[in-house]
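> The structure that follows is given in the form of structure tokens.
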Amino acid sequence: MGGAAAIAAFPASAKHPLDPIAHALAAAGGQALLSRVRVIAWSGTARMMIGRTPVDLMVETRIEPFARARSDTWLTSEGRSATQTIMVERDSAFLVHNGAQTNLPQPQAYFERQKLAAYSYLLLAPASLSPNGRRGITAIRDGYPPIALTLAPDGRIASADYTLAGPPPNPPLVHQHLLFTGTVSALGIRFPRTTTILQNGRPVLRMTITAFSVELDPS
């Protein structure tokens, strides 16, 4: 998943105890463990804003960092029988609803892949990292926009700024500001419990994880 290459890209200063990269890696579970993550998965609740109307959802998500992802959502009021699924692969994305699978148009697939990659960035190890001040990290992965991470005093990721781009030649830009609170953990990996997303300054989603799991490569 690119972990070995990313580890090699860490600057030597990451070994210094005050370096934000070392601080963030330790808070998330440690570089060695994070580089072994094959899958993260969660279930939870979400409130999505559609215009000015709030919509309450149940959410189940499974992510193979920077490879593929699946997100199942259904209206809390309707139950699981009304599930809508988005599946993202390296070069495509699909919508599954009422048993029918539809290829998403390229611009939408492009956005969905980048949006879900924000959660892969929170694992740190699959990306190339560089410090940005005492409490900041810039992370980048080939094929994805860079993300700017801001750390809390204890090293946890407190927020992120991430600009999504559509496909060439004239990509629209969507700025996402993500806020993280609380912590869930599994197999030594720690991850934000609640994520709040603003797009171009407007709140669009608040998700809270109620169950979290991790699959690791064998040591």
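> Among the residues of segment 30-40, is there at least one that is buried (at least 19 other Cβ atoms within 10 Å of the Cβ), of a type in the set (D, E, K, R) and either over 15 Å from the mean Cα position of the chain (by Cα) or modelled with pLDDT of 95 or more (or both)?
So far as segment 30-40 goes, yes, one or more of its residues are buried (at least 19 other Cβ atoms within 10 Å of the Cβ), of a type in the set (D, E, K, R) and either over 15 Å from the mean Cα position of the chain (by Cα) or modelled with pLDDT of 95 or more (or both).
> Let me ask another. Please find, among ARG113, ARG90, ARG134, the residue that is under 27 Å from PRO172 (Cα atoms), of a type outside the set (Ser, Thr, Tyr) and at pLDDT below 90.
ARG90
> Considering only segment 128-185, state which residues are over 17 Å from PRO65 (Cβ atoms), part of a loop (DSSP other than H, G, I, E, B) and either open to solvent by less than 70 Å² (accessible area, probe 1.4 Å) or touching a Pro at 6+ places or on another chain (Cβ under 9 Å) (or both).
Result: ASN132, GLY133, ARG134, ARG135, ALA152, GLY155, ARG156, GLY166, PRO167, PRO171, PRO172.
Quick grid of which residues meet (1) within 10 Å of the chain's Cα centre (by Cα); (2) among the hydrophobic types (A, V, I, L, M, F, W, C); (3) closer than 24 Å to ILE86 by Cβ:
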position	(1), (2), (3)
ALA118	yes, yes, yes
TYR121	yes, no, yes
PRO131	no, no, no
GLY143	no, no, yes
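> Only residues that are open to solvent by 20 Å² or more (accessible area, probe 1.4 Å) and either farther than 13 Å from GLY136 by Cα or of a type in the set (D, E, K, R) (or both): list them for segment 17-26, please.
PRO17, ALA26, listed by residue number.
> Mind listing whichever residues of segment 186-200 are farther than 21 Å from THR45 by Cβ and open to solvent by 60 Å² or more (accessible area, probe 1.4 Å)?
Of everything in segment 186-200, those that are farther than 21 Å from THR45 by Cβ and open to solvent by 60 Å² or more (accessible area, probe 1.4 Å) turn out to be LEU187, ASN200.
The values are calculated or read from the model by the stated rules, or taken from the named source; none is laboratory data. The structure presented is a predicted model; accordingly, all values stated were derived computationally and were not measured. Please note: Cβ atoms are built from the backbone with ideal geometry, for glycine as well, and neighbour counts cover all protein chains shown. The protein model used for the area step is the full one, side chains on, heavy atoms only, and it has no ligands, DNA or RNA in it. Shrake-Rupley method; radii C 1.70, N 1.55, O 1.52, S 1.80 Å.
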